[in-house]
Structures are given as structure tokens and as C-alpha cells.
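Before any comments, here is the structure.
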Amino acid sequence: VAAKIQTDMLPKGYPPFPERRDFDLFASMTPAKEVGGDLYDYLLLDEDHLMITVGDVSGKGVPAALFMGKCKVLLDFYAYLRLSPKDIFEKANEQLCKGNESALFVTCWLGIYTFSKQELTFVNAGHPYPIIYKNGEYALLKEKPNIILGYLENTKFVEHTVSLKKGEKIFIYTDGVTEAENIKQELFGEKRLLEIIKTTEKKNAMSSLATVKEEIDNFAGNAEQFDDITMLQFEIL
């Protein structure tokens, strides 16, 4: 029941906005246990703005899932108020810090894309660097990350902006992807992920995520999945 409640909180369906033909978007979450602490979300705030986010709560099981639900609701609420990514994180962080006796925290990446400007404004709260595809090349989108959410009150966050034009895309994921282990306790790693992402250049978002997940499963083999695996890809068409 808990697993169903959690999955029902996450948006589903492909394409997520059938009436929009100017972008491609898909996300998936595979929990390590019955319920997990990862989250993803996307909201079409209006005709010109789309919010995308991926997060990873510390811990596993029901406590992490509950904290994940709280985090998602807060991020959605402040996004619908048309706040900037920076302000969304600052407001949400204050609420997550209150009464957080379990000392849970969230690494999170959130961006708002403005279609008229072809710009993605984003904030990274201690989350793995996304992979961006621009000018025919894949690379990590490296900007100095901010502190994690839910850890310290009165935290100020810094946002960044990157252009994202026709044919360009971004792949966001949790560390369950790069830290997946095989029976030899070797990590999947960023380098392997980049190499696999390069093979998905001509694929849509759903097929790209399926390819990455298949490669993770092949790499892990019979090794147990220790962490949730969450991925999101957004491309301008």
C-alpha cells in the first residue's frame, strides 16, 4: 500500500503533456526497497515555463518516503507561486528543517525552463551533476553545488542559467545510478554513464532511460540494488 501511495505521488505517462510537441520529457524511479526516498517531478507552470526536479532523501524505507513526500509537496507549492529556483529552495529548506528530529536531508536539483528565452535556470543542492547535450557533445553540467536541503536553516542558494535550444537536452539522475555496484563491488560510475548516454543520442527520452537502466542491470548482474535509481531526461524538439 505504501509503495502504491508513493508511486501515485509521482507523475506518470508518456508523453507527459501530449498537447506540447516542442519538448520531450520522461522520468522513472526504481526503489531499492518497497518504498524509496528518491523523487522526481515536472510541472508545466504556464505556457512558457516548465519546472523539472530530481531529489534523493537520505536513508531508506518509510521514513525516507515520508520525507520525500513532504519535500515534493513543498517544491510544487512554491513553484506554483512562480518563485525562482533559488527562492523555491530557500523556502522549502526552511520548512524541511523544522521538526526534523530524524536529521533527514535531501540532495536535489531543480530547474525552470523558459521556452521564450530558451533558457534553463537551475539550483543544485548537493546533487550529482546532470549530463547536458549541447553542440553535439555530452558533458557534465558542473556548477558549484549548494548545501543539501533540510540540513541548515537560513541557507542561501545560488542559481545558474544555461541555454537549451532545439536538439539539446539534459539528463538528471540520483547517485543510485553512478553508485550501482556489481558483485565485485565495482561502481557503475560517471565515466560509464557518459559512454552509455552517448549511444542514446538519437533516442527519445523514454528509450534513453530504458537503455541506461538496462545497462545498469547488466552491470550489476546478481548484485543487490542498495539505492533507489531515478532518472529524468528533458529535450527541446
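The values are calculated or read from the model by the stated rules, or taken from the named source; none is laboratory data. A quick note: this is a predicted structure, and the numbers were derived from the prediction, not measured. Neighbour counts run over all protein chains shown; Cβ positions are idealised from the backbone, glycine included. Heavy atoms of the whole protein, side chains included, go into the accessibility calculation; ligands, DNA and RNA do not. Shrake-Rupley method; radii C 1.70, N 1.55, O 1.52, S 1.80 Å.
Go through segment 15-34 and count every residue that is surrounded by 15 or more Cβ atoms within 10 Å (Cβ to Cβ) and not polar (S, T, N, Q).
The number of residues fulfilling the criteria is 12.
Please indicate, with yes or no, whether at least one residue in segment 205-214 is of a type in the set (A, V, I, L, M, F, W, C), within 20 Å of Leu110 (Cβ to Cβ) and in contact with a Ser or Thr (Cβ under 8 Å, 6 or more places away or on another chain).
Checking segment 205-214: at least one residue is of a type in the set (A, V, I, L, M, F, W, C), within 20 Å of Leu110 (Cβ to Cβ) and in contact with a Ser or Thr (Cβ under 8 Å, 6 or more places away or on another chain).
Right, Phe219: open to solvent by less than 50 Å² (accessible area, probe 1.4 Å) and either touching a Cys at 6+ places or on another chain (Cβ under 8 Å) or part of a loop (DSSP other than H, G, I, E, B) (or both) or not?
no
Go through the residues of segment 203-217 one by one and say whether even a single one is over 19 Å from Tyr133 (Cβ atoms) and of a type in the set (Asp, Glu).
Yes - at least one qualifying residue is present in segment 203-217.
Quick one: in segment 161-182, which of the residues that are assigned to a strand (DSSP E or B) and surrounded by 13 or more Cβ atoms within 10 Å (Cβ to Cβ) is modelled with the lowest pLDDT?
So, considering only residues that are assigned to a strand (DSSP E or B) and surrounded by 13 or more Cβ atoms within 10 Å (Cβ to Cβ), the one modelled with the lowest pLDDT is Glu181.
List the strands (runs of 3 or more DSSP E) that sit entirely inside segment 56-160 and contain at least 1 residues that are open to solvent by less than 20 Å² (accessible area, probe 1.4 Å) and either touching a His at 6+ places or on another chain (Cβ under 9 Å) or modelled with pLDDT of 95 or more (or both).
Fully inside segment 56-160 and qualifying: 106-114, 119-125, 131-134.
For segment 106-143, which positions are of a type in the set (A, V, I, L, M, F, W, C) and closer than 12 Å to Phe89 by Cα?
Of everything in segment 106-143, those that are of a type in the set (A, V, I, L, M, F, W, C) and closer than 12 Å to Phe89 by Cα turn out to be Val106, Cys108, Trp109, Leu110, Phe122, Val123, Ala125.
Taking interchain pairs and intrachain pairs at least six residues apart, which have beta carbon atoms under 6 angstrom, with the first residue in segment 183-212 and at positive phi and assigned to a helix (DSSP H, G or I) and the second buried (at least 16 other Cβ atoms within 10 Å of the Cβ) and at pLDDT below 95?
As it stands, the answer is none, since no pair meets every condition given.
Test each condition in (1) in contact with a Leu (Cβ under 7 Å, 6 or more places away or on another chain); (2) at negative phi; (3) not in a strand (DSSP E or B) for Arg20 and report the one that comes out false.
Only one criterion in (1) in contact with a Leu (Cβ under 7 Å, 6 or more places away or on another chain); (2) at negative phi; (3) not in a strand (DSSP E or B) is unmet by Arg20, namely (1).
In this structure, does Ile52 turn out to be in contact with a Leu (Cβ under 8 Å, 6 or more places away or on another chain), assigned to a helix (DSSP H, G or I), surrounded by 22 or more Cβ atoms within 10 Å (Cβ to Cβ) and aliphatic (A, V, I, L, M)?
no
Select from segment 181-201 the residues that are closer than 15 Å to Asp217 by Cβ and β-branched (Val, Ile, Thr) and list them in ascending order.
Ile183, Ile196
Restricting attention to segment 183-209, and to residues there that are open to solvent by 40 Å² or more (accessible area, probe 1.4 Å) and under 18 Å from the mean Cα position of the chain (by Cα), which single residue is farthest from Asp24 (Cα to Cα)?
Among those that are open to solvent by 40 Å² or more (accessible area, probe 1.4 Å) and under 18 Å from the mean Cα position of the chain (by Cα), it is Glu190.
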